[in-house]
Amino acid sequence: SIVEAERAGRALVERRLCACVNIVPGMVSHYRWQGAIERGEEVVMIIKTRASLAEAVGAAVKDMHSYSTPAILVIPIESVDPDYHAWIVAETQTADAAS
């Protein structure tokens, strides 16, 4: 839900596990789950962080998510604007040092 996504997104930013979370409501999903075809209205979260924090972010999302198996995908970035990259690094510095 949008409420769950906003709560989780804010917590991730507060913990410095990511620099930014984009929340995109209105996604409709059709999927097979436990032998049945399901339809769900879901919210997408795009979490912008560093590769070194991906595991910690995934664990935090699982802890906060209502699904037993949330979709957590780590997508390698081929290219990023240097200033934007520097901002992500600066905003996640404390979390990386703690891990």
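The values are calculated or read from the model by the stated rules, or taken from the named source; none is laboratory data. Keep in mind that what you see is a predicted model, and the values were worked out from it rather than measured. Backbone-built Cβ (ideal geometry, glycine too); neighbour counts: all protein chains shown. We work out accessible area using only protein heavy atoms, side chains counted, and drop any ligands, DNA or RNA first. Shrake-Rupley method; radii C 1.70, N 1.55, O 1.52, S 1.80 Å.
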Inset, instruction - Examine the stretch 79-93 for a residue that is surrounded by 10 or more Cβ atoms within 10 Å (Cβ to Cβ), more than 15 Å from the chain's Cα centre (by Cα) and in a strand (DSSP E or B), and state whether such a residue exists. - result: no
Inset, instruction - May I ask you to verify whether residue 56 is within 11 Å of the chain's Cα centre (by Cα) and open to solvent by less than 90 Å² (accessible area, probe 1.4 Å)? - result: yes
Inset, instruction - Considering each of 59, 71 in turn, give the residue that is farther than 17 Å from residue 11 by Cβ and of a type outside the set (Phe, Trp, Tyr). - result: 71
Inset, instruction - For the stretch 2-49, enumerate the residues that are in a strand (DSSP E or B), touching a residue at least 24 places away in the same chain (Cβ under 8 Å) and farther than 25 Å from residue 85 by Cα. - result: 43
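Applying the selection to the stretch 50-78, what residues are assigned to a helix (DSSP H, G or I) and touching a residue at least 12 places away in the same chain (Cβ under 8 Å)?
Restricting attention to the stretch 50-78, the residues satisfying the condition of being assigned to a helix (DSSP H, G or I) are 51-64.
Listed by number, the residues that qualify are 51, 52, 53, 54, 56, 57, 58, 60, 61, 64.
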